[in-house]
Amino acid sequence: MTDKKEFYKQKNGKEAEDRSKTGVRSGLIGICCNILLFAIKLVAGILGGHISVLVDAFNNLTDMASSVVTLAGFKIAGKPADEKHPYGHGRMEYIAGQIVSFVIMIVGATLLRSSIEKIIRPEPVIFTVTALVILLCSIGIKLWMWGYNRTVGTRIGSETLIATAKDSLNDSIATTAVLVSMIVEAVTGVSIDGWAGAGVAIFIIISGIISCRDTMAPLLGAMPSKELTDEIRRQALSEEKIIGVHDLMVHDYGPGRRYVSLHAEVPASMGIMAAHDLIHKVENKIMANTDCDVTIHMDPVEKDDKETIRLKTMVSKILYTMDKDLMIHDFRILQREPKKIIYFDVVIPGDRKDDGSAVAEKIKNAINTWEPEIETQITIDRLFEKTTP
C-alpha cells in the first residue's frame with residue numbers, strides 16, 4: 001500500500017495525478033451510493049407511509065450533494081499552477097471539506113428540528129419487513145462508505161474525505177436510530193422516535209463542528225506536525241558544517257504543496273561559494289526526504305573568535321537564569337571600537353501574550369550589569385514552526 005509520504009514525494013508528477021484521481025473516484029462512489037439509497041428509501045417511504053424513512057431518504061439526497069462537492073473539490077485542487085495561482089489550487093480541497101462540514105451541521109440542525117416536532121407531536125412509526133430490510137442495507141452501505149473514505153482519506157492525507165467518512169458514519173447512526181425506534185414501538189408501543197432522533201441530531205452537529213475545525217485549521221495556518229519539523233531539522237543538522245537551524249516556517253498551499261523556509265547557521269570562515277554549495281545540498285536533501293519545497297537563508301556565525309564565544313556564553317547564562325524557555329541565535333559583534341556593540345535574536349515561546357519588549361529590556365540591563373561598556377541590540381523572535389496562510 002502506498003503510504004502518505006510516498007504519495008506526496010512527487011507532488012507535481014504522477015503521484016499528484018493519482019491522488020486527484022483517487023479523490024474523484026471517492027466522490028463518484030459517494031454519488032452513486034447516495035442516489036441508490038435515496039431512490040429505494042423514497043419508494044419504500046411513499047408505498048409504506050414511513051415518514052421517518054422519507055426523512056432519511058432526503059438525508060441521503062443531501063449526502064449526494066456533499067459527494068458532488070467532494071468530486072468538484074478534487075477536480076479543481078488537481079489543476080496545475082497558472083498565472084493567477086502560481087502555487088496551484090490545492091487549497092480548494094480544504095474549502096470543499098469546509099462545505100461538507102457545513103452540510104453536516106445543516107443536516108444535524110434540520111434533524112434536530114424534526115425530532116423536537118416529533119417529541120411535541122408524536123406520530124406512530126409503522127414497522128414492516130420491507131422497511132427493515134431497506135434500513136439494514138442502508139446501514140451496511142453507509143458503514144462501508146465510512147470505512148472506505150476513512151481509509152483513503154488517511155492514506156492520501158485528505159481532510160475532505162475524512163469529513164465525508166464522518167458524515168457516512170453519522171448517517172449509519174441516524175438510520176440505526178430510525179430502525180431501533182420502529183422496533184421498540186412495534187414491540188412495546190412506546191414512541192421514542194423523537195428522542196432518539198434528537199440525540200442523533202446533536203451528535204451529528206457536534207461531528208460537523210469538529211470536521212469544520214479540522215478542515216479550517218490548514219486554511220488559517222495550523223502548526224505543522226512535530227514529525228515534519230523534527231525531520232527537517234534532522235536533515236539539515238546531518239551536515240557537519242551546519243551549526244544550527246532556526247526561524248523554520250511552513251507554508252501550506254494544499255496537500256502535497258508545502259513550502260519551507262528556514263535559517264541555517266554556517267561558520268563565518270567558510271568561503272561564500274562553499275557556503276552556497278552547502279546550503280544548496282541541504283535544500284535538496286530536505287526536499288528529497290519530505291513533501292516540501294525548501295528555501296534556506298544562510299546565517300554566518302563566528303566559531304573561533306574568542307571574544308564572540310565569551311560574550312555569547314555570558315548572554316546564554318543570563319537567559320538561562322532569567323527564563324529557561326528563552327533561546328538565542330544570530331549572535332555577533334557588530335562593532336568593536338570605540339564602543340562594543342553586540343546583536344542577537346531572542347526567541348520567546350509563541351504563546352506569550354506580550355510583545356517581548358520587557359524581556360529585551362531586562363536582558364539589556366543584565367548585560368550592562370556584567371559589561372557596562374557594551375551596547376546591546378536585540379530582536380525578539382517567536383517560535384516560527386507553524387504554517388502561514
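The set of residues from segment 139-169 being closer than 13 Å to T70 by Cβ and of a type outside the set (V, I, T) comprises M145, Y148, N149, G153, S158, E159, L161, A163, A165, K166, D167, S168. Scanning segment 304-328 for residues that are touching a strand residue (DSSP E or B) at 6+ places or on another chain (Cβ under 7 Å) and among the hydroxyl-bearing types (S, T, Y), which turns out farthest from Y343 (Cα to Cα)? Restricting to residues being touching a strand residue (DSSP E or B) at 6+ places or on another chain (Cβ under 7 Å) and among the hydroxyl-bearing types (S, T, Y), the top hit is S316. When restricted to residues that are closer than 16 Å to I374 by Cβ and either of a type outside the set (D, E, K, R) or at pLDDT below 85 (or both), segment 306-327 contains 9.
Against the condition farther than 14 Å from I205 by Cα, assigned by TED's automatic domain parsing to the domain that holds V24 and under 35 Å from the mean Cα position of the chain (by Cα), how does T154 come out, does it pass? The answer is yes for T154. So which residues in segment 131-175 are among the hydroxyl-bearing types (S, T, Y) and either without any contact (Cβ under 8 Å) to a residue 40 or more places away in the chain or more than 22 Å from G194 (Cα to Cα) (or both)? Matches in segment 131-175: Y148, T151, T154, S158, T160, T164, S172. No other residue among K241, K226 is over 13 Å from C292 (Cα atoms), at pLDDT 85 or above and of a type in the set (D, E, K, R) apart from K241.
Of the residues making up segment 188-204, one or more are outside the structural domain of V260 (by TED's automatic domain parsing), closer than 26 Å to F74 by Cβ and not small (G, A, S). Residues in segment 185-192 include at least one that is surrounded by 17 or more Cβ atoms within 10 Å (Cβ to Cβ), part of a helix (DSSP H, G or I) and modelled with pLDDT under 85.
If the condition is being more than 19 Å from N365 (Cα to Cα) and either among the β-branched types (V, I, T) or outside any helix (DSSP H, G or I) (or both), then segment 301-324 contributes V301, E302, K303, D304, D305, T308, I309. Of all residues in segment 303-323, those that are of a type in the set (K, R) have Cβ atoms under 6 Å from Cβ atoms of residues that are at pLDDT 85 or above and outside any helix (DSSP H, G or I), 6 or more apart or on another chain, in K303/P267; K312/F331.
In segment 211-243, which residues are out of contact with any helix residue (DSSP H, G or I) (no Cβ under 8 Å at 6 or more places or on another chain) and outside any loop (DSSP other than H, G, I, E, B)? R213, A217, L220, K226, E227, L228, T229, D230, R233, R234, L237 - these are the residues of segment 211-243 that are out of contact with any helix residue (DSSP H, G or I) (no Cβ under 8 Å at 6 or more places or on another chain) and outside any loop (DSSP other than H, G, I, E, B). For segment 83-101, a tally of residues being more than 20 Å from K21 (Cβ to Cβ) and out of contact with any helix residue (DSSP H, G or I) (no Cβ under 7 Å at 6 or more places or on another chain) returns 5. No other residue among T215, T175 is closer than 30 Å to Y148 by Cα and under 24 Å from the mean Cα position of the chain (by Cα) apart from T215. Within segment 1-55, being modelled with pLDDT of 80 or more and of a type in the set (S, T, N, Q) holds for T22, S26, N34.
The values are calculated or read from the model by the stated rules, or taken from the named source; none is laboratory data. Just so it is clear, the structure is predicted and the values come from calculations on it, not from any experiment. Cβ coordinates were reconstructed from backbone atoms using ideal geometry, including for glycine residues, and neighbour counts include every protein chain displayed.
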